[in-house]
Each structure stands twice: as C-alpha cells, then as structure tokens.
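Any read-out appearing in this document is the output of simple, stated calculations on the displayed coordinates, not a laboratory observation. Keep in mind it's a predicted model, so treat the numbers as computed, not measured. We place every Cβ from the backbone using ideal geometry, glycine too, and count neighbours over all the protein chains shown.
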Amino acid sequence: MNPSSPSGAVGPPLLRSDDIVDRVSALAAQIDSDYAGRDLRLVTVLKGGLFFLADLCRRVQVDVKLDFMAVSSYGPGSTGSVRITKDLDDSIAGADVLVIEDIIDTGLTLNYILKMLRARGPASLEVCTLLDKDVRRIVDIPVRYTGFGVPDRFLVGYGLDYRGHYRNLREIYTMDEEYLRTIAG
Ligand code: PRP
C-alpha cells in the first residue's frame, strides 16, 4: 500500500483541503472570541488530532499552550476503558482546557479522557472536534466546537488513518468499501 497513491483504496474527497482550511479558520475565530484573556491550554490526543491541532493553533490569535496525551484502547468489550500511554506534561489545575480531537465516533475514548481531566480541577473543560460521526455515538459528549458532521463511513486523511496509512493526506476521503472487503479477505 502506497500512502502517496490512494487511488483504488479511496473514493473522491469527502472534504477538500480548501473546505477544511475555511472551517478551521472559522473555528479559530470562535475560539478567539470565547477565550480572549484566558489561560488556554489545547490538549490533543495523539496521533490523529495532531494535524487539526497544528492548523488550528496557528490560526488562533489568543495565546495558547499545547499539551499531548496518548491512549490505548483495551479493545472491544472494554466499555470505553482506555490505558494512558502518555500523560500530559503539565498540570491543568486552574487552566481553561480545550480538548482537540480529529473525530468523535462512539464517544467512549473522550468520555474516559474527560472524566480523568475533570478530576484534575481545570477552570473549564471543553471539546473541539474537526469531525463528528454522531450517528455512532454510544455516550453523550458535550461538544463545544464541531467542524463537520460526517457519515458512518471509514474516513482517512488529515490525521485519520487506515492501519497507520493516509494520515498525511491533505483532504479527507472515504475508504472504498470494495477495497476494504478485498483486504479483509
Ligand atoms: C480516534 C480518534 C479518537 C477516537 C474516537 O483515535 O482520534 O481519539 O478514535 O473514537 P471513539 O469516539 O469511538 O472513542 P484512534 O483510536 O483511531 O487513534 P489515532 O488517533 O492514533 O488514530
């Protein structure tokens, strides 16, 4: 599989680069308006959220600090329990924390993370996701900022991966169903 040549594996872009850029700029403007004069901490869950974070944080005007965490799911049947493989570097006590995600699907990952972060005493805790696959939601997640609602399809690009590939694509694509069936054997 060649990540630089997605033809066959993916269909036409679901979201084009220009649309993503425009939406990220609009979200940044909202964040500027809401967080003026505050101690804003952007917290991202690796790896998928990294691309959205990188573009968003360069468009906001308010001063921000960045921090990162990484999690590993305990797998199917775990009811959303995740293992923290990389915790935040800094305390978030008293900070205005905005969690940046590339996509919310079932909501289980974020539900776990939000509970954990809330216990650390931030001044505020909100969520900003580029994509919301809300038809798949199992637990309700309070989302303050959403880029795009998306259908229940396997998406890749702009941080989203298929087996580690395609994260670096500038646009967001739907994986070809026939291709996925062939690969699954
Ligand atoms: C994706 C995404 C969210 C999670 C959403 O991460 O970045 O963290 O899945 O799914 P959920 O709402 O069903 O819990 P993934 O586990 O694919 O890891 P990655 O960011 O490293 O690709």
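Data table
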item	result
5 angstrom amide H check on Ala123, placed H, neighbours 5+ away	Gly94, Ala95, Asp96, Val97
Amide H within-cut-off set for Arg144, under 5 Å, with H built and near neighbours excluded	Val127
Per-residue HN-Hα couplings for region 24-30 [Karplus 6.51, -1.76, 1.60; θ = phi - 60°; Hz; x = Gly/Pro]	4, 5, 5, 5, 4, 5, 4
Calculated from backbone phi, Karplus (6.51, -1.76, 1.60) coupling profile of region 110-127 in Hz, x at Gly/Pro	5, 4, 5, 5, 5, 4, 5, 6, 4, 5, 8, x, x, 5, 8, 9, 10, 10
Cα-Cα pairs of region 1-143 separated by more than 25 Å (percent)	32 percent
Rounded to 5, the percent of DSSP beta bridges in the chain classed as antiparallel	30 percent
Long-range HN-HN contacts of Phe154 with modeled amide H, under 5 Å	Met175
Positive minus negative residues near Asp39 (Lys, Arg vs Asp, Glu; Cβ under 13 Å)	-1
Expected 222 nm ellipticity per residue - DSSP helices of 4 or more, -39500 (n - 2.57), all of the chain, to 500	-8000 deg cm²/dmol
Residue order, fewest to most beta carbons within 10 Å, for Arg144, Arg181	Arg181, Arg144
Per residue convex hull volume, Cα atoms of region 88-148, in Å³	74 Å³
Size of charge dipole - the chain - debye, nearest 20, with Cβ of Lys, Arg +1 and Asp, Glu -1, no other charges	400 debye
Note, ³J(HN,Hα) from phi for region 144-156, Karplus 6.51, -1.76, 1.60, rounded to Hz, x at Gly and Pro	7, 10, 10, x, 9, x, 10, x, 7, 10, 7, 10, 9
